[in-house]
Amino acid sequence: MIIRKATLEIAQLLEEFPAVGVLGPRQVGKTTLAEELAAAMRPQPVYLDLESPKDRAKLSEPEDYFELHQHQLVILDEIQRMPELFSILRGVIDRRRRQGRKAGQFLILGSASLDLLKQSSESLAGRIAYKELSGFNVSEIAATAATREQLWLRGGFPDSFLAKSDAGSLRWRLNFINTYLERDVPQFGPRIPAVTLRRLWTMLAHSQGGQLNTAQLGANLDIAAPTAKRYIELLEDLLLIRTLRPWSGNIGKRLVRAPKVYIRDSGLTHALLNLTTLDDVLGHPVVGASWEGFVMENLLSVLPSGMTPWFYRTAAGAEIGLVIEKNSQQRYAIEIKRSQAPSVSKGFYLGCEDIEAAKRFVIYPGTEKFPILKNVTAVSLPDMMDEMQRW
């Protein structure tokens, strides 16, 4: 059994805040995590699945229902199905505050960020803390070289990673993709053709980690650029892709402005490209970009609160794959290489000088830690994740 580190973090937040929101794509383990938390609590929490008509019916008079269970934690799963609850939760929380009860009232689970964050940021400001739940990362599994490679191939969705075979894992991911396209996406906004969105998703897999060009994507899909932009934003709101913004400090350089775009789960990248085995991935042109995206998502899953990820690139060729900004005076430069003998380009050194990087790292698939020229250290992914949590 894999113990999610987020479980302890969320338990701590429930001791500090009236409401805690857990965000993550479907099937990433939010409900399982909530069940683990509930099993250790007394009195027993109440769980409502808002995709169930039976459970939604219980909230026909939500204030009365919450009053009936005022001494229990109420878990609301798939909250985006009833966003009107947020304003009601605000009133309930404020009333209980006046009565002396503060923390641990509601645990809210959601599979989309746009509606959820928009509603709750307006209604529950100062009353809710958020935790984004990603798939398994390398610090949560038995971190041997073989299991890390399996995690990279299959991705971090629990059912995909724990499948009995690579072929079974691929079948699960293909079904997951189809379910999103046919059932989940139509819940958000105007009708989007599933075939078009799948083609877009596949194009993004082929260009994993590339700079976003909505005009080109739109032309390839025979849709307008604003429409392509809206589709990209939807996939991002569903927590399926990540757009990494360029760092743009005032340094007098001509900087690249377009963001880079990544499919967040490496297993979905491989499924969209129909890559079943590790040999398939290693023989495909996407191998380096896939590894980069996998490493980046693992790092960002443990990024300390208040730190911001960027990339850096100038028109003159200075480039840093990942910049972590701690504050206006402290930035860390990270390059990701799929090589046992990693090296960095002149552009990396130039970029480090431009942003005045306090620390400089290259992450590679090996296990040893050793220095490279000019204050750059080569580290493994697990070591880098440990390092980041000490920043």
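The values are calculated or read from the model by the stated rules, or taken from the named source; none is laboratory data. All values derive from a computational prediction rather than experimental measurement. Cβ sites come from the backbone with ideal geometry, for glycine too, and all protein chains shown count toward neighbours.
Quick notes
- Among residues of region 375-391 that are surrounded by fewer than 17 Cβ atoms within 10 Å (Cβ to Cβ), those with a beta-carbon under 9 Å from a residue that is part of a helix (DSSP H, G or I) at least six positions away or on a different chain give the pairs ASN375/CYS352; PRO382/ARG148; PRO382/ASN298.
- Residue match in region 259-268 (condition: closer than 29 Å to LEU23 by Cβ, within 23 Å of the chain's Cα centre (by Cα) and not assigned by TED's automatic domain parsing to the domain that holds LEU212): no
- Residue within region 179-197 that is of a type outside the set (A, V, I, L, M) and closer than 13 Å to ASP265 by Cα present: no
- Residue identified as in a loop (DSSP other than H, G, I, E, B), closer than 19 Å to ARG264 by Cα and touching a residue at least 40 places away in the same chain (Cβ under 8 Å) among LEU234, LEU204, LEU239: LEU239
- Filter result for the condition that a residue is within 26 Å of THR179 (Cβ to Cβ) and at pLDDT 95 or above, over ALA34, ALA57: ALA57
- Verdict on LEU217 being crowded, with 18+ Cβ neighbours inside 10 Å, in contact with a strand residue (DSSP E or B) (Cβ under 9 Å, 6 or more places away or on another chain) and aliphatic (A, V, I, L, M): no
- Residue among ALA333, ALA341, ALA315, ALA357 that is of a type in the set (A, V, I, L, M, F, W, C) and in contact with a Cys (Cβ under 8 Å, 6 or more places away or on another chain): ALA333
- Condition met for VAL28 (part of a loop (DSSP other than H, G, I, E, B) and either at positive phi or not small (Gly, Ala, Ser) (or both)): yes
- Test: THR179 is of a type in the set (Ser, Thr, Tyr), out of contact with any helix residue (DSSP H, G or I) (no Cβ under 8 Å at 6 or more places or on another chain) and at pLDDT 80 or above: yes
- Test: GLN119 is of a type outside the set (Gly, Ala, Ser) and either under 19 Å from THR31 (Cβ atoms) or surrounded by 15 or more Cβ atoms within 10 Å (Cβ to Cβ) (or both): yes
- Condition met for VAL20 (under 24 Å from LYS131 (Cα atoms) and part of a strand (DSSP E or B)): yes
- Only residues that are among the aromatic types (Phe, Trp, Tyr) and either in contact with a Phe, Trp or Tyr (Cβ under 6 Å, 6 or more places away or on another chain) or in a helix (DSSP H, G or I) (or both) were counted across region 380-391, and they come to 0.
- Close pairs from region 303-322: first within 16 Å of VAL362 (Cα to Cα), partner in a strand (DSSP E or B) and polar (S, T, N, Q), Cβ under 8 Å, at least 6 apart: none
- Scanning region 351-376 for residues being out of contact with any strand residue (DSSP E or B) (no Cβ under 8 Å at 6 or more places or on another chain) and closer than 17 Å to ILE324 by Cα gives a total of 1.
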